[in-house]
Amino acid sequence: MAKRIRLEKRVVAESDRLAAELTRRFARAGLFVANLMSSPGSGKTSLLERTAARLGGELRMAVIEGDLATDRDARRIRKAGLPCRQINTGGGCHLSAPQILEALEAFDLAALDVLFIENVGNLVCPAEFNLGEHRRVVLASTPEGDDKPAKYPVAFYKADCIVLNKTDLVAATDFSTEAFRRFARGVNPRAPILELSCRTGEGLEAWLDWVRAERRACALGRGGQECLPREVRAARRAVARPARRRGR
């Protein structure tokens, strides 16, 4: 058992090291990177298709697509006009930093403004692994039920943006938007909650504005604090506090 724990710690340490390298590469390029996570079928690919249609002439975007098998979603993304690199995990429940590093070979980062990582459909494993992204986006959809944030608190707690999709189906379900917001705020009081429908386009503008604002922050803070993941910024603040106290 001790050997297994040591091995797992080494694997996690190596993953964190590679994620830090990814963060540095993204920051040097002034590239905004968002890691999209959700249960299967919540609408990650649909959201990216809509984003491509609305922002394709404004921002240079690309996608890394994660799935257990097939390239069906990647073909949808390419059809929408965005370059896309497919990663098939072959049963793995999340994307990893080494996989992202390899996938980056398909792109010229200096020629991009935004990179979306569409993680494997799963709200458990992806939440535990840093891919060097600046922001984590968690999607939920109304047919899944309004208690998703309560059932998967880690994913929603770590989210920088929460997207509620398929709002056009609320009338056909017993979904309560108020209950969803209450559950979400119970684990994450700070992330914006964006309600939209990828099918009708209602509410999409708030998502597009969020992407624009985050991209702007990375471009203005090229290599700086604004272009670092929230967890990294929090860790730096935690280290800085004792140092400031010692200096008083």
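Things worth noting here:
- Taking θ as phi - 60° and the Karplus parameters 6.51, -1.76 and 1.60, the scalar couplings of the range 158-163 work out to 7, 6, 9, 8, 10, 10 Hz in sequence order, x denoting glycine and proline.
- Computed over the range 15-247, the convex hull of the alpha-carbon atoms projects to a mean area of 13.1 nm².
- Taking every Cα-Cα distance in the range 10-116 and sorting them into 5 Å bins starting at zero, the pair-distance distribution P(r) comes out as 2, 11, 22, 26, 20, 13, 5, 1, 0 percent.
- Shown for the range 31-93 is the translational diffusion coefficient from the Stokes-Einstein equation, using the Kirkwood radius over Cα pairs, a temperature of 4 °C and a viscosity of 1.567 mPa s: 106 µm²/s.
- Kirkwood hydrodynamic radius of the range 100-190, from the reciprocal of the average inverse Cα-Cα distance over all distinct pairs: 14.7 Å.
- Under 12 Å, Cβ to Cβ, from Gly201 - net charge with Lys/Arg +1 and Asp/Glu -1: -1
- Pairs beyond 20 Å (Cα-Cα), from Lys44/Lys166; Lys79/Lys166; Lys44/Lys158: Lys79/Lys166
All of the numbers you see were taken from the coordinates with simple rules; none came from a lab. Keep in mind that this is a model prediction, so the values were computed, not measured. FYI the Cβ positions are ideal-geometry reconstructions off the backbone, even for glycines, and counts take in every protein chain you see.
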